[in-house]
1. Can you tell me which of V231, V175 is farther than 28 Å from E93 by Cβ, touching a residue at least 12 places away in the same chain (Cβ under 8 Å) and part of a strand (DSSP E or B)?
2. Just give me the residues in the stretch 210-228 being open to solvent by 50 Å² or more (accessible area, probe 1.4 Å) and either assigned to a loop (DSSP other than H, G, I, E, B) or without any contact (Cβ under 8 Å) to a residue 60 or more places away in the chain (or both), in sequence order.
3. Restricting the search to the stretch 1-47, which residues are at pLDDT below 65, open to solvent by less than 70 Å² (accessible area, probe 1.4 Å) and more than 15 Å from K89 (Cβ to Cβ)?
4. Return the only residue of A122, A99 being in contact (Cβ under 8 Å) with a residue 24 or more places away in the chain, surrounded by fewer than 21 Cβ atoms within 10 Å (Cβ to Cβ), under 22 Å from G183 (Cα atoms) and within 18 Å of the chain's Cα centre (by Cα).
5. Inspect all residues belonging to the stretch 127-143 and state whether any of them is part of a loop (DSSP other than H, G, I, E, B), in contact with a Leu (Cβ under 8 Å, 6 or more places away or on another chain) and buried (at least 20 other Cβ atoms within 10 Å of the Cβ).
6. Just to be sure, is I147 part of a strand (DSSP E or B), free of Cβ contacts under 8 Å to residues at least 60 places away in the same chain and hydrophobic (A, V, I, L, M, F, W, C)?
7. Give the stretch 196-209 a look and list any residue that's open to solvent by 10 Å² or more (accessible area, probe 1.4 Å) and assigned to a loop (DSSP other than H, G, I, E, B), or say none.
8. Output yes when any residue across the stretch 194-210 is polar (S, T, N, Q), under 18 Å from the mean Cα position of the chain (by Cα) and farther than 14 Å from I271 by Cα, and no when none is.
Amino acid sequence: MKLLLVILLCVTCGAKAVAQWALPHISVAHVRVEPRHGAEMSTQVLMGMPLKMIGDADGEWREVEMPDGYRGYVIANSLTYFDEEAIGKWRVEPRLFVASFEEVKVFSDTVAIADVVSDAVAGDIMAGCWSRGWCRVTIPDGRRGWIKSEFVKPLESVFVEDAAAEVIRMSKHHVGTPYLWGGLSSKGMDCSGLVKMAFYNTGRILLRDASQQAKTGSPVLPDDYRQGDLVFFGNASGRINHVGIYDSDGYFVESSGRVKRTALVDKPGYICARRIIGNEGSYGIVAINNHPWYFTGQALGR
């Protein structure tokens with residue numbers, strides 16, 4: 001904890017102009033296609049997700065690149081800034097990954113739990129060590145608090161080899177959650193956001209859009225569907241514009257109006273299916289433990 005506070009002090013004491021990295025310090029931050037509030041929201045970034053700064057660091061907005069290569073603009077007051085040395089130290093700091101499917105809270109202490117420091121959603125990352133009962137955590141901007149240990153796990157243990165059941169469990173848990181263009185959290189999600197969020201919870205970083213996700217993994221024929229395979233749909237010209245996660249018995253989970261379980265035979269425009277699980281390391285699929293923005297080198301492996 002002390003190490004992270006030193007990092008924050010180094011970055012905020014006159015180093016803003018040379019900051020090359022940023023971490024969101026709110027549970028979910030909006031990413032827009034232009035640096036203005038009225039611009040389209042293209043995606044979201046989660047607390048503690050490492051972002052590379054693009055261009056000038058001054059002004060109300062910051063252009064950033066996300067771990068999947070996606071770019072956009074985030075309001076500056078949602079971010080805490082790091083130089084190369086500081087982000088290097090963050091990458092070796094013990095961190096906790098929020099694994100709760102529901103929104104949870106970070107409290108100022110474990111007694112007066114009405115005093116909320118921050119909310120948190122699945123995929124948020126905070127500095128801290130896991131301990132039984134409650135975990136002491138530090139949010140990227142230096143705020144400190146406590147979160148119930150049942151809601152978090154060490155970042156290095158997030159990757160799950162046999163992830164199909166967990167992907168389906170998370171996606172089905174959100175049945176009824178409203179569709180939100182650009183959303184990828186329990187607060188609202190679009191179709192590819194649901195996919196990205198469900199796989200991120202198992203330690204897999206996927207590309208953002210359905211048309212990009214359709215180019216990843218390996219092809220799957222309809223008679224060989226497995227839980228966790230992605231099924232893609234499109235318009236008459238074959239342009240992919242929708243994705244869902246295959247469950248079982250001819251049903252898949254999608255975000256269309258709301259998150260719901262739908263029969264494949266009832267969904268027009270089927271294009272193809274792709275298998276993600278087992279294809280980690282191929283184009284567009286990165287295990288979080290192997291992503292150099294999260295960890296120094298690849299010493300952890302998968």
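1. Details: V175 fails: part of a strand (DSSP E or B).
Unique residue meeting the criteria: V231.
2. Within the stretch 210-228, the first condition is being open to solvent by 50 Å² or more (accessible area, probe 1.4 Å), and the residues that meet it are 211-212, 215, 219, 221-224, 226-227.
The answer is S211, K215, P219, L221, P222, D223, D224, R226, Q227.
3. First, pick out the residues of the stretch 1-47 that are at pLDDT below 65: 1-17.
Applying the additional criterion that residues be open to solvent by less than 70 Å² (accessible area, probe 1.4 Å) yields 1, 4-5, 7-8, 11, 15.
Within the stretch 1-47, no residue meets the criteria.
4. A99
5. yes
6. Details: part of a strand (DSSP E or B): yes; free of Cβ contacts under 8 Å to residues at least 60 places away in the same chain: yes; hydrophobic (A, V, I, L, M, F, W, C): yes.
Answer is yes for this residue.
7. L207, D209
8. Let us first name the residues in the stretch 194-210 that are polar (S, T, N, Q), namely 201-202.
From what is left, the residues that are under 18 Å from the mean Cα position of the chain (by Cα) are 201-202.
Filter once more, keeping what is farther than 14 Å from I271 by Cα: 201-202.
Looking for residues that are polar (S, T, N, Q), under 18 Å from the mean Cα position of the chain (by Cα) and farther than 14 Å from I271 by Cα, one finds at least one in the stretch 194-210, hence yes.
The values are calculated or read from the model by the stated rules, or taken from the named source; none is laboratory data. Since the structure is predicted, the reported quantities are computational estimates derived from the model, not experimental observations. Note: ideal-geometry Cβ built from the backbone for every residue, glycine included; neighbour counts use all protein chains shown. Side chains included, ligands, DNA and RNA excluded: accessible areas come from the protein's heavy atoms. Shrake-Rupley method; radii C 1.70, N 1.55, O 1.52, S 1.80 Å.
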